[in-house]
1. Just give me the residues in segment 11-28 being modelled with pLDDT of 80 or more and touching a Phe, Trp or Tyr at 6+ places or on another chain (Cβ under 9 Å), in sequence order.
2. For segment 68-80, check the following and say yes or no: at least one residue is of a type in the set (A, V, I, L, M), surrounded by 11 or more Cβ atoms within 10 Å (Cβ to Cβ), in contact with a helix residue (DSSP H, G or I) (Cβ under 9 Å, 6 or more places away or on another chain) and without any contact (Cβ under 8 Å) to a residue 24 or more places away in the chain.
3. Does residue 29 satisfy the condition of being out of contact with any Asp or Glu (no Cβ under 8 Å at 6 or more places or on another chain), surrounded by 10 or more Cβ atoms within 10 Å (Cβ to Cβ) and of a type in the set (A, V, I, L, M, F, W, C)?
4. Name the single residue, out of those in segment 9-26 being surrounded by 13 or more Cβ atoms within 10 Å (Cβ to Cβ) and part of a loop (DSSP other than H, G, I, E, B), that is nearest to the chain's Cα centre (by Cα).
Amino acid sequence: MEIKCPKCSVWTEGHPTNCTACGFDFHAAAQKRAESHPNFSAPGPPKFDFPMLHLNPNDPWHTRAGKRTVHAIQVVVMTFAGGMAWMAYWIAV
């Protein structure tokens, strides 16, 4: 692996810690870059967070029954919508 020194533009072979020409510290520069961007993370696949009805086990029985019914309807609708989106994707490709 070769590393180009940002200070003097000389290529250094291997896994050096310092530039062979000017003595520039590669690890200190990398650490400084990491500290300047502490919350950086590589982009991953998009996350699809759908708002689902929260089921609280401490609710009265009639409230839980109603919420479970609404929750079941949400799951069925989202499953249907996901299936339609999947079919539309494969038709378009």
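The values are calculated or read from the model by the stated rules, or taken from the named source; none is laboratory data. Keep in mind that this is a model prediction, so the values were computed, not measured. Neighbour counts are summed over all protein chains in view; Cβ atoms, including those assigned to glycine, are modelled from backbone coordinates with ideal geometry.
1. Those that are modelled with pLDDT of 80 or more and touching a Phe, Trp or Tyr at 6+ places or on another chain (Cβ under 9 Å): 12, 17, 18, 19.
2. No, segment 68-80 has no match at all.
3. Details: out of contact with any Asp or Glu (no Cβ under 8 Å at 6 or more places or on another chain): yes; surrounded by 10 or more Cβ atoms within 10 Å (Cβ to Cβ): yes; of a type in the set (A, V, I, L, M, F, W, C): yes.
Yes.
4. Here is the first cut: in segment 9-26, the ones surrounded by 13 or more Cβ atoms within 10 Å (Cβ to Cβ) are 10, 12, 16, 18-21, 24-26.
Still in the running and part of a loop (DSSP other than H, G, I, E, B): 10, 16, 19-21, 24.
Numbers: 10: 36, 16: 31, 19: 34, 20: 38, 21: 39, 24: 33 Å.
This residue is 16.
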